[in-house]
Amino acid sequence: MVLSQEFVSEIERAFPSDFMSRDAELLPVYGKDWTKHHAPNPSAVVFPRTTEEVSRFLKLCSRHRVPVVPSGGRTGLAGAAVAAKGEVVLSLDRMNKLGPVDPLAHTVRVQAGVVTEAVHQHCAPHGLVWPVDFASKGSSQVGGNIATNAGGVKVIHYGMTRQWVLGLEVVTMDGQIHELNGALEKNNTGADLKHLVIGSEGTLGVITEATLKLTRLPGQLDVFFFAVDDMRAVLSLFLEARRAPFPLMAFETLSHNCLEASTGHLKLKPPFASAAGAYVLMEVQRPHSPDAQEALDGWLAGVFEKGLVRDGVIAQSPREARELWMIREGIAESLMSGTRFVHKNDVSVPVASLEEFVARMYELFESRHGELEVYLYGHIGDGNLHLNTMKPEAMDREEFLAKCARADRDLFALVQRYRGSVSAEHGIGLLKKDALPYSRTPGEMALLRAIKAAFDPQGLLNPGKIFD
């Protein structure tokens, strides 16, 4: 859309001179996220510093019927932060203040534009952590994490983002400021509205501040990298880890082509000399007991004696631990690097169904979509798998996308058969709207639309995301 001169003039009169930018070089940067499927085309980007400025701006947009796309670190993978139709982007970059850590309540109040890793660094001197952790923690923002109910690599131990949010300050499209739950641990006064906003991908309101729940920093962590035969072996090892005498912090798997892509891109030495069917990265917290090392060694000896793993390494230093984690966390970056074009899927099924689901999935691609090579990795403990297909160099992009669309329909039907989700943690955004009915019933869709209409009756906030 084209912004009216009246609207632009009101912005210039009512806000600081650096509040809005229409710079042709800046707009594409703020109009996109990590997806490459939609060309960004915002009409402007604004940079509020306070909740009050967000409120006045949204009220002005409502009066002029100007659509708005909230924007955080733009690390999303479903197109939820893409402004493709002339919307105004509301960037939260300047709303990056951190409040004091409360060591009694184990909470901290932050603005929505604070980078995830900055929260970790802010809380660490107090022996506390906001345990929301993923590869993009150096650029993702708290508001975006909450708006997408981000998952990550520690969900098996800590759960999703919503478990670590006590309260939200949210501005709806009419400019009203809502303080949802504050810093209360217990508040049984009807439906918890903050949980409607968490995971709503910026379609119900703009998160401006959050009271985050903290926990103690974990003790000594041990990181292992195992080579195994296949998904059955991955799950057998997972069961053994569940029974182990130590807390399991993370249990990640990846296929051999993912290992090759990540180590090649990051110029890291592969952990093993020979290839395996699958790999597992496991992180555990060492127990606070005199026999902790003995228990750990005994468990490791057991998994080798039972033939559960083919090979394995244990990080001997923090540097080695970081490098093993880099292999896992570098997969997405390596697949999207340079001019490579990747089609991403992020699905989940019940953990008990993983082995059978993966076998059926590979059979499906081999029998019906043989031209597409699957790069598989994921968070085994929560049933979340990332399935990526790379465009072959010789294949036209449109042909590739058409083949991926056909494969998606078969994949989502398989996910539906196992009562799974077509989007485990990336959200729906622009990219997964057609797939939503595989995971949501018509009745649920009607409720979602009614909630959207109640919060944003004009449909101006992040329009076209989740559903049209």
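The values are calculated or read from the model by the stated rules, or taken from the named source; none is laboratory data. Just so it is clear, the structure is predicted and the values come from calculations on it, not from any experiment. Ideal geometry is used to build each Cβ from the backbone, glycine not excepted, and the neighbour counts take in all protein chains shown.
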Note down all Cβ pairs under 6 Å where the first residue falls in the range 427-454 and is in contact (Cβ under 8 Å) with a residue 24 or more places away in the chain, the second is part of a helix (DSSP H, G or I), and they're at least six residues apart or on different chains. ILE428/LEU436; ALA435/PHE412; TYR438/PHE412; TYR438/GLN416
Residue in the range 287-302 that is among the hydrophobic types (A, V, I, L, M, F, W, C), in contact with a helix residue (DSSP H, G or I) (Cβ under 6 Å, 6 or more places away or on another chain) and in contact (Cβ under 8 Å) with a residue 12 or more places away in the chain present: no
Keeping to the range 206-239, report how many residues are within 30 Å of MET173 (Cβ to Cβ) and touching an Asp or Glu at 6+ places or on another chain (Cβ under 9 Å). 6
Hydrophobic (A, V, I, L, M, F, W, C), modelled with pLDDT of 95 or more and under 24 Å from the mean Cα position of the chain (by Cα) - does that describe any residue in the range 48-65? no
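State whether the residues of the range 251-265 include one that is free of Cβ contacts under 8 Å to residues at least 40 places away in the same chain and within 21 Å of LEU324 (Cβ to Cβ). Spell out how you get there, then give the answer.
If we filter the range 251-265 for residues that are free of Cβ contacts under 8 Å to residues at least 40 places away in the same chain, which is where we start, we get 256, 260.
Subset that is within 21 Å of LEU324 (Cβ to Cβ): 256, 260.
Yes, the range 251-265 has at least one match.
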With the requirement that a residue be touching a residue at least 60 places away in the same chain (Cβ under 8 Å) and charged (D, E, K, R), what does the range 455-468 give you? ASP456, LYS465
Selection within the range 370-424 - closer than 18 Å to THR339 by Cα, outside any loop (DSSP other than H, G, I, E, B) and without any contact (Cβ under 8 Å) to a residue 40 or more places away in the chain: GLU398, GLU399
Could you name every one of the helices (runs of 4 or more DSSP H) located completely within the range 172-288 that has at least 3 residues being surrounded by 14 or more Cβ atoms within 10 Å (Cβ to Cβ) and outside the structural domain of CYS123 (by TED's automatic domain parsing)? 231-242, 256-266
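Is there a residue being surrounded by fewer than 21 Cβ atoms within 10 Å (Cβ to Cβ), among the aromatic types (Phe, Trp, Tyr) and out of contact with any Lys or Arg (no Cβ under 6 Å at 6 or more places or on another chain) anywhere in the range 21-30? Walk me through it before giving the result.
Pass one, the range 21-30, residues surrounded by fewer than 21 Cβ atoms within 10 Å (Cβ to Cβ): 21-29.
Still in the running and among the aromatic types (Phe, Trp, Tyr): none.
No, every residue in the range 21-30 fails to be surrounded by fewer than 21 Cβ atoms within 10 Å (Cβ to Cβ), among the aromatic types (Phe, Trp, Tyr) and out of contact with any Lys or Arg (no Cβ under 6 Å at 6 or more places or on another chain).
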Those residues that are within 23 Å of LEU248 (Cα to Cα), within 15 Å of the chain's Cα centre (by Cα) and assigned to a helix (DSSP H, G or I), I need them from the range 118-144; list them, please. ALA135, SER136, LYS137
Go through the range 337-353 residue by residue and tally those that are in contact with a strand residue (DSSP E or B) (Cβ under 9 Å, 6 or more places away or on another chain), under 18 Å from GLU425 (Cα atoms) and in a loop (DSSP other than H, G, I, E, B). 1
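Name the strands (runs of 3 or more DSSP E) wholly within the range 1-100 that hold at least 2 residues that are of a type outside the set (A, V, I, L, M) and within 26 Å of GLY138 (Cα to Cα)? Steps first, please.
Working: elements: 44-46, 68-71, 88-91.
Hits in the range 1-100: 68-71.
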Enumeration of residues in the range 19-56 that are among the small types (Gly, Ala, Ser), touching a strand residue (DSSP E or B) at 6+ places or on another chain (Cβ under 8 Å) and closer than 20 Å to VAL82 by Cβ: SER21, GLY31, SER43, ALA44
